[in-house]
Structures are given as structure tokens and as C-alpha cells.
Amino acid sequence: MNDSWLNSFRQLWKNKTYIAFVGTGRVGTNFFASFFDSVLDECISVHEPRPDAFDLAMSYIRNKPDVSEAAQEYIRIRSELFSRMTQENKQYFFESNNNLSLLLPVIELLFPNYKIVHVTRHPEDYICSVLGNVQARGYSLYSDDDPRLRPSAKDFPDDPFYNQWEGFSQEQKIAWFWGKYNDEINKQMKGKPQYIQLEFADLFKDESYTTMREMLEFLQIETLLHLDNNALRQHFSIPRNISIKKIESFATWPASRQEKCRLIFNYFQHKRELNKASG
């Protein structure tokens, strides 16, 4: 295989840094894209730019193309933004996009300098946030009128929920999505110095911004290291992408409905603990 295209691309990026914010969605990705765009002149910062890489991610897990094929397609769909990086002499590229969660091998192949920020959210809060997040066409994730063919346990032959998927409710599918995406990210990135995992609630819970500072230290961008709390407070006070529907808290759901989701949550949380112990 001729890798000259890859060597040429990596050469273009040898003095630039690619930063991806990944997770399950509903973890502040819209906020982060806006934040970095506002505070850092030497960057391009985008939230789920079009094409949003959903189709690429689904093709990658379903059709199993070679990672280099997927990488070339990612370059194609980001060609306009990557051209801007060169034309405007930008040093940092931020993409906040949960679709990248399944494309981390592509990022590792393409970019000599990359960082992955993985933001997680407590599953019970996450599932309510997703159900309350009504899209422009009036659908929510895994609803009957969701126009996209979302990932499923059927896409992963070794998934323990493979044979149960067809009988899952919307809530169970969302619970699986939470677990699977976080699991795939951990599996790909665990132990690598280019990776950090943070908890959504910790980022926004106090005015000392301890966790936010931890993230900025990880990125090691001089301008961001000098931001004071007033600057951070100004951005944190602006709400973005708020759920439209009011969903009752998970704790108020009927016990049987909670238990079906908890079985899935517990499987993935137990798996994560085992991975930590083995790491």
C-alpha cells in the first residue's frame, strides 16, 4: 500500500494540534466548541460540522473498511475546514462531536499531535437529558421517528445484548448507547498520554473550576492557561443546547422501568471497573 498521501498529510500537521471532544453527546460539546472559538484566536473550533461524520462512523463499524480508507474519507469531509487551517495559519483544530467516538483509530492515524478529551455523564442524568432533547424534526434518540439508523448491539457480534436488542425500549437503547460509546472510547484510549476522561458534573459544579483547570492543563495551550476565573465564569453563565422537554428524574420512574436500564448501566460500569483493575 502506498502511504504517500498519509505522510504528506501528517507533514502538514506536524506543527498543529488536533483536539477532539468525544463522548455520548449531552455532555457540553456545544459549549466547548463555542468556548474555544471565543477565547483562542489561533484555533478553528467546531461542533458537529456538516457532514457530521455520522455516516462515516456507521460505515466504519458496519462495513469494516481499512482504517486508512476511513481516514481518507474523514479528510474529504473536513477538507474545507482543514484548508482554512492552512490559509489562516491556525495552530489548533477543535472538533466537539460524539460521532468521533467510534473513529478514534482514524484520528490516531492522521494526526501526529492529537489530544482526546472524553467527557462522561452519570447514566441516570444522561438518559433523562437525551429524552428531553427534542431535535428540530421533533424526534429524540432511538425514538420511532428518529430518521437515522443508529448504532445497535446488532453491529457488534460479541455484544452481550446482541440477542435482546429487538425487544429493547427506547430507554434501554439509550442506556446501551451510553455504555457502548464510553466503553469503545475507553477501550481505544485507556492509558495513552494523549487522553483524558472527565466527568460532566465536575466541570460545571463549582466556581473554582478545578476540573476545567485540569482539562486546560492537559491541553497545554499557553493562552488558555492564563484565563482567570472571571473569564471562565462569563462563558459558563451562558446556557447552550438545553433540553426542550421536561423529563421526570430517573428516580421517579416506575421500578420496573428503572431496573431494565440499570441492568445495562451496571454491565458497562462493572466492565469498566474490571478494565481499570486489569490496567
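The values are calculated or read from the model by the stated rules, or taken from the named source; none is laboratory data. For clarity, every value in this text was computed on a predicted model and none was experimentally measured. Every residue, glycine among them, receives a Cβ derived from its backbone with ideal geometry; neighbour counts consider all protein chains shown.
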Failed condition for Phe54, given (1) without any contact (Cβ under 8 Å) to a residue 24 or more places away in the chain; (2) touching a helix residue (DSSP H, G or I) at 6+ places or on another chain (Cβ under 8 Å)
(1)
Qualifying positions in the range 60-112 - hydroxyl-bearing (Ser, Thr, Tyr) and more than 21 Å from Gly23 (Cβ to Cβ):
Ser68, Ser79, Ser83, Thr86
Condition first: crowded, with 18+ Cβ neighbours inside 10 Å and either of a type in the set (Lys, Arg) or more than 19 Å from the chain's Cα centre (by Cα) (or both). Can you find one or more residues in the range 100-118 that meet it?
yes
The range 135-164 residues that are in contact (Cβ under 8 Å) with a residue 40 or more places away in the chain, paired with ones that are of a type in the set (Lys, Arg) (beta carbon under 6 Å, 6 or more apart)
Asp155/Arg62
Can you pull out the residues in the range 132-177 that are out of contact with any Asp or Glu (no Cβ under 9 Å at 6 or more places or on another chain) and of a type in the set (S, T, N, Q)?
Asn133, Ser143, Asn163, Gln164, Ser169, Gln172
Given the structure, is Ile247 closer than 23 Å to Ile127 by Cα, surrounded by 13 or more Cβ atoms within 10 Å (Cβ to Cβ), among the β-branched types (Val, Ile, Thr) and touching a Gly at 6+ places or on another chain (Cβ under 6 Å)?
yes
Do you know which residues across the range 194-234 are loosely packed, with under 13 Cβ neighbours inside 10 Å, of a type in the set (Lys, Arg) and either touching a Lys or Arg at 6+ places or on another chain (Cβ under 7 Å) or closer than 23 Å to His122 by Cβ (or both)?
Lys205
How many of the residues in the range 228-268 are touching a helix residue (DSSP H, G or I) at 6+ places or on another chain (Cβ under 7 Å), modelled with pLDDT of 90 or more and part of a loop (DSSP other than H, G, I, E, B)?
1
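Which of the residues spanning the range 116-146 are assigned to a helix (DSSP H, G or I) and hydroxyl-bearing (Ser, Thr, Tyr)? Spell out the reasoning first.
Looking only at the range 116-146, we keep the residues that are assigned to a helix (DSSP H, G or I), and these are 123-132.
Matches in the range 116-146: Tyr126, Ser129.
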Phe168 surrounded by 13 or more Cβ atoms within 10 Å (Cβ to Cβ), hydrophobic (A, V, I, L, M, F, W, C) and closer than 23 Å to Asn63 by Cβ
no
Hey, any hits in the range 152-160 for a residue that's of a type in the set (D, E, K, R), on the phi < 0 side of the Ramachandran plot, surrounded by 14 or more Cβ atoms within 10 Å (Cβ to Cβ) and assigned to a helix (DSSP H, G or I)?
yes
Would a scan of the range 30-48 turn up a residue that is in contact with a Leu (Cβ under 9 Å, 6 or more places away or on another chain), at positive phi and of a type outside the set (Val, Ile, Thr)?
no
